[in-house]
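Novice: For reference, the structure I am asking about is given below.
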Amino acid sequence: MGMTVVEKILARATGQRSVKAGDVLEPRVDLAMSHENAALVINQFLEIYKGTGLEPKVWDASRVAIIFDHRVPAESSKTATNQKKVREFVARHMISKFHDIRGDRGGICHQILPESGYVRPGHVVVGTDSHTTSHGALGAFAFGIGATEMASVWTLGFAVNVEVPATIKVNVTGDFLPMVGPKDLILHLIGTLSAQGANFRVIEFHGPTIARMSTSGRLVICNMSVEAGATSGIVPADAETVHYLREEAGVRDLIDVVLPDADAAYERTVSIDVSQLPPQIACPHTVDNVKPIDQVAGKKIQQVVIGSCTNGRLDDIAAAAAMVRGKSVASGTRMLVFPASGRIYQRALDQGYIADLVRAGAVVMNPGCGPCLGVHEGALGDGEVALSTTNRNFKGRMGNPTAEVFLCSPAVAAASAVAGEITDPRKGA
Amino acid sequence: MAKVVYAVGDDISTDVIYPGRFMATVLPTETPQFAFADDAVFNNQLKNRQIPPGSVIAAGKNFGCGSSREQAVSTLKGHELIIVARSVARIFMQNAVNLGLRLIVVPDLEASLGDEIECEEDRVVNRTSGRNFATERLPSARQAIVDAGGLIPYTRKRLVERSASPR
Ligand code: SF4
């Protein structure tokens, strides 16, 4: 019996010829990523060394990445002090993959890693962030862990106690309708599988629709795989992956592609034909509460958010800019745009997208997580309704447990900002 | 015997257990004050120490879904609560094992607020309803971390072993 792509990656990372779902392994880690929560990782890391008489030392400083994104620039003195402590640690341990609060090379961790060429096909990537699943878009096995587990990885260089997950194969066929895309596909899939349908599983994406999809789109579907509970989403690397790594991420060295065997053992296969799929909306307060847009169209909204590690890339901002160009955000509605990285922000400036958005009344903010996790700018008032291209709509997610968050694609978000209510972008704003 | 002091349904996310706006607070000694912060009644009971250690939160499926924030575990551990859930999201389960939060998976659990629960080796007994429910065993690899007292002592042991016999 053959292996799935994740089984193959884990076999390589443990030096074994073959592994299968259910095995427990200790794979070496190629990249270990944290954001501001590195402050907690550092605390736990130093705790591990206590009483051992050993000097605390990160196993391989070149494989540790730390990116400030969740609360940038700091929203409080407490955060600023945490960030300061992390900077000191980074300097002492000579961690080079560090992205501070900067307009040029700063941004959201799940955008910085791919665009900087830090993630390669076949890598084992761990991150102290649940959306680390994103990096499966480049053919890596990438999964979220807690801060203490990261401290253990920093110490040992491998992840202890990793169970090889079973894999669900998702086969996607058909061409998207205009104004419909990867976000609608993944919302539909989460609605089909449920919020726990892939818990402890990997989702491996296949099919002609995926083959034609850009890396940006693949990042969307892998990013949100965790919303079905998945350990990771993964798109086996192909010509598009190599193209992205060469052209966008500037990778010059050998790219070693790991592919699943033709006779790999999947737990089950789900087939989706997207050719008639309408825009999808995830309604409060769970991401699997997904409806086609005509069932929620007309709902009044007070805030629109375009950005996040899910939909803050250049194609997302381009779609939003095209939708609002020459129009105006409805009065009574606020439109907030936050590009996923400094590089994307600069390109959006060069292309004139930022001007289109600002002229229409949008507020364009600095790259980072922004209002996505309800800690920083863009909190919601009591009972307010937000429509957002982010990935979570849990109660309280945008900072107010009495508010409601609906999730959608950038095209839907922008058309709705102009209308002041949830609007199908195909009907014209 | 332990009392169910809080009963919740399916898909309770870490945003509900520990809202994102308190994430600047990271130390396990400081996180307990924000447990279920958006539910003022329960949060106050916890803060005012009206909930005895060893009390039970009964939950539905997919408890702890969403963000990987470890505060969602340390905040509950700080009050020595026991989580009895029909199922638990992967990262939350791993964090619970790593930090030593007591977590029992009971696929058919039926328990309501105020019920008296007995947690035994292979089953949970609801003394109030008189019904028994089988528990799911932790995979052995996770049990090894629990037995070591959590991931910090477990990794410390591995570190010391390694430095004693360099590869
Ligand atoms: S944008 Fe939102 S989901 Fe993505 S890493 Fe930041 S807080 Fe998490």
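The values are calculated or read from the model by the stated rules, or taken from the named source; none is laboratory data. Values in this document were obtained by computation on a predicted structure and should not be read as measured data. Note: ideal-geometry Cβ built from the backbone for every residue, glycine included; neighbour counts use all protein chains shown. Side chains are part of the model used for accessible areas, which takes the heavy atoms of the whole protein and leaves out ligands, DNA and RNA. Shrake-Rupley method; radii C 1.70, N 1.55, O 1.52, S 1.80 Å.
Novice: Of B:PHE22, B:PHE34, which residue is open to solvent by 30 Å² or more (accessible area, probe 1.4 Å) and within 16 Å of the ligand (Cβ to nearest atom)?
Specialist: Within the list B:PHE22, B:PHE34, the selection yields B:PHE22.
Novice: Scan the range B:106-116 and tell me whether some residue there is modelled with pLDDT of 95 or more, within 14 Å of chain A (Cβ to nearest Cβ), part of a loop (DSSP other than H, G, I, E, B) and under 28 Å from A:ARG201 (Cβ atoms).
Specialist: Within the range B:106-116 (the criterion being modelled with pLDDT of 95 or more, within 14 Å of chain A (Cβ to nearest Cβ), part of a loop (DSSP other than H, G, I, E, B) and under 28 Å from A:ARG201 (Cβ atoms)), the answer is yes, since at least one residue qualifies.
Novice: Has the range A:347-364 got any residue that is among the charged types (D, E, K, R), closer than 24 Å to A:LEU277 by Cα and over 23 Å from the mean Cα position of the chain (by Cα)?
Specialist: No, every residue in the range A:347-364 fails to be among the charged types (D, E, K, R), closer than 24 Å to A:LEU277 by Cα and over 23 Å from the mean Cα position of the chain (by Cα).
Novice: How about the range A:352-390: which of its residues are open to solvent by less than 40 Å² (accessible area, probe 1.4 Å) and polar (S, T, N, Q)?
Specialist: Passing the criteria: A:SER388, A:THR389, A:THR390.
Novice: Return the only residue of B:ARG49, B:ARG69 being buried (at least 20 other Cβ atoms within 10 Å of the Cβ), assigned to a loop (DSSP other than H, G, I, E, B) and charged (D, E, K, R).
Specialist: Every option except B:ARG69 fails the conditions.
Novice: Could you identify the single residue in A:GLU149, A:GLU163 that is modelled with pLDDT of 95 or more and over 27 Å from A:ASP273 (Cα atoms)?
Specialist: On inspection, the qualifying residue turns out to be A:GLU149.
Novice: Do any helices (runs of 4 or more DSSP H) lying entirely in the range A:278-357 carry at least 3 residues that are away from the ligand (no atom under 16 Å from the Cβ), and which ones are they?
Specialist: A:314-324, A:342-350
Novice: Taking A:ALA319 as meeting all but one of (1) at pLDDT 95 or above; (2) open to solvent by less than 20 Å² (accessible area, probe 1.4 Å); (3) touching a Pro at 6+ places or on another chain (Cβ under 6 Å); (4) of a type outside the set (Asp, Glu), write down the number of the exception.
Specialist: Failing condition for A:ALA319: (2).
Novice: Which of the following residues is at negative phi, within 13 Å of chain B (Cβ to nearest Cβ) and among the acidic types (Asp, Glu): A:GLU88, A:GLU115, A:GLU47?
Specialist: The match here is A:GLU47.
Okay, residues lined up against (1) within 15 Å of the ligand (Cβ to nearest atom); (2) in the same structural domain as A:THR167 (by TED's automatic domain parsing); (3) surrounded by 24 or more Cβ atoms within 10 Å (Cβ to Cβ):
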position	(1), (2), (3)
A:ALA61	no, yes, no
A:PHE68	yes, yes, yes
A:ALA91	no, yes, no
A:GLN111	yes, yes, yes
A:GLY122	no, yes, no
A:SER134	yes, yes, yes
A:THR148	no, yes, yes
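Novice: Restricting to the range A:18-42, and then to whatever is among the charged types (D, E, K, R) and closer than 15 Å to A:THR4 by Cβ, can you tell me which residue is surrounded by the fewest Cβ atoms within 10 Å (Cβ to Cβ)?
Specialist: A:LYS20
Novice: Among the numbered conditions (1) within 28 Å of B:GLU118 (Cβ to Cβ); (2) more than 9 Å from chain A (Cβ to nearest Cβ), tell me where B:THR31 comes up short.
Specialist: Status for B:THR31: all satisfied but (1).
Novice: For residues in the range B:34-61 being touching a helix residue (DSSP H, G or I) at 6+ places or on another chain (Cβ under 9 Å) and touching a residue at least 24 places away in the same chain (Cβ under 8 Å), which is farthest from the other protein chains (Cβ to nearest Cβ)?
Specialist: B:ILE51
Novice: Same structure, new question: For A:GLY106, indicate whether it is buried (at least 19 other Cβ atoms within 10 Å of the Cβ), away from every other protein chain (no Cβ under 14 Å) and not aromatic (Phe, Trp, Tyr).
Specialist: Criteria met by A:GLY106.
Novice: What pairs come out if I take residues in the range A:279-303 that are away from every other protein chain (no Cβ under 14 Å) and on the phi > 0 side of the Ramachandran plot and pair them with residues that are assigned to a loop (DSSP other than H, G, I, E, B) and at pLDDT 95 or above whose C-beta lies under 7 Å away, six or more apart or interchain?
Specialist: What qualifies is A:GLY298/A:ILE422.
Novice: Can you pull out every residue in the range A:50-70 that is at negative phi and small (Gly, Ala, Ser)?
Specialist: A:ALA61, A:SER62, A:ALA65
Residue by residue, here is whether (1) closer than 15 Å to A:ASN161 by Cβ; (2) crowded, with 16+ Cβ neighbours inside 10 Å; (3) among the aliphatic types (A, V, I, L, M) holds:
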| residue | (1), (2), (3) |
| --- | --- |
| B:ARG131 | no, no, no |
| B:ALA134 | no, no, yes |
| B:ALA141 | yes, yes, yes |
| B:ALA144 | yes, no, yes |
| B:ALA148 | yes, yes, yes |
| B:LEU151 | yes, yes, yes |
| B:THR155 | yes, yes, no |
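Novice: Any residue that is within 16 Å of the ligand (Cβ to nearest atom), assigned to a strand (DSSP E or B) and closer than 21 Å to A:GLY197 by Cβ - is there at least one of those in the range B:56-65?
Specialist: Scanning the range B:56-65 turns up at least one residue that is within 16 Å of the ligand (Cβ to nearest atom), assigned to a strand (DSSP E or B) and closer than 21 Å to A:GLY197 by Cβ.
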